[in-house]
1. Would you check which residues across the range 1-24 are surrounded by fewer than 16 Cβ atoms within 10 Å (Cβ to Cβ) and under 17 Å from residue 61 (Cβ atoms) and list them?
2. Among the residues of the range 25-54, count how many are surrounded by 15 or more Cβ atoms within 10 Å (Cβ to Cβ) and within 18 Å of residue 139 (Cα to Cα).
3. Say we look at the range 107-125 and pick out the residues that are in a loop (DSSP other than H, G, I, E, B) and over 12 Å from residue 170 (Cβ atoms); which of these is modelled with the highest pLDDT?
4. Can you pull out the residues in the range 153-183 that are surrounded by 17 or more Cβ atoms within 10 Å (Cβ to Cβ) and either part of a loop (DSSP other than H, G, I, E, B) or without any contact (Cβ under 8 Å) to a residue 40 or more places away in the chain (or both)?
5. Among the residues of the range 109-133 satisfying the criterion of being free of Cβ contacts under 8 Å to residues at least 12 places away in the same chain and within 15 Å of residue 39 (Cβ to Cβ), which is surrounded by the most Cβ atoms within 10 Å (Cβ to Cβ)?
6. Any chance you could count how many residues in the range 134-148 are without any contact (Cβ under 8 Å) to a residue 24 or more places away in the chain and either closer than 25 Å to residue 15 by Cβ or crowded, with 24+ Cβ neighbours inside 10 Å (or both)?
7. I'd like the full set of residues that are in a helix (DSSP H, G or I) and touching a residue at least 60 places away in the same chain (Cβ under 8 Å), limited to the range 67-80.
8. Could you identify the single residue in 7, 64 that is without any contact (Cβ under 8 Å) to a residue 24 or more places away in the chain and assigned to a helix (DSSP H, G or I)?
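The values are calculated or read from the model by the stated rules, or taken from the named source; none is laboratory data. Only a predicted model underlies this, so the values are computations on that prediction, with no experimental measurement involved. Note: ideal-geometry Cβ built from the backbone for every residue, glycine included; neighbour counts use all protein chains shown.
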């Protein structure tokens, strides 16, 4: 009876993990729409991003409740406990990434009527596409328990961080009238949101190392990138 219960427990935990990682697919889809909304200042698409965040929140609640229910029935041990703890962290990152997409969509609506330089829009596109790739990489690294793949997220994140710093410098140099300054402020906020999505992908990567080794460690330069 005990062996059967543990087997069913493992199967349910695997299903919850699959649902959690599938939630990152929802984030990728939201990111894709978000990038397009920013690039084309598409208000209708921005509204869709905001509305669709309910799907990400719904997945968060579904898997979170499933984990709590599982814990109530049987206590996890050893590796299973690490997976449970890591999944709760992944869910939190997933929900935050969705929220950042919503923040960008709302900022996009506020840029209506403002002129944002084409070079800034190109930077947003580059950062957004890199964030999408990082989210997919984090998802696959977790599914495959691939620590080396997870660690490469730091290198991928450096692209977003560099673009974020360069974009801020360019905006500061723009100057101009009040409309240009307001557009620049919105652009900085959008860039910051995209940078945070990259950070959350790295956070998920760190959970891969935790599941595999049992020790939590921040990846080099993940929180404090060097010059």
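1. Correct list: 15, 18, 19, 22.
2. 7
3. 111
4. Within the range 153-183, 159, 160, 164 meet the criteria.
5. This residue is 122.
6. Matching residues across the range 134-148 total 2.
7. 70, 73, 79, 80 - these are the residues of the range 67-80 that are in a helix (DSSP H, G or I) and touching a residue at least 60 places away in the same chain (Cβ under 8 Å).
8. Selected residue: 7, the only one of 7, 64 that is without any contact (Cβ under 8 Å) to a residue 24 or more places away in the chain and assigned to a helix (DSSP H, G or I).
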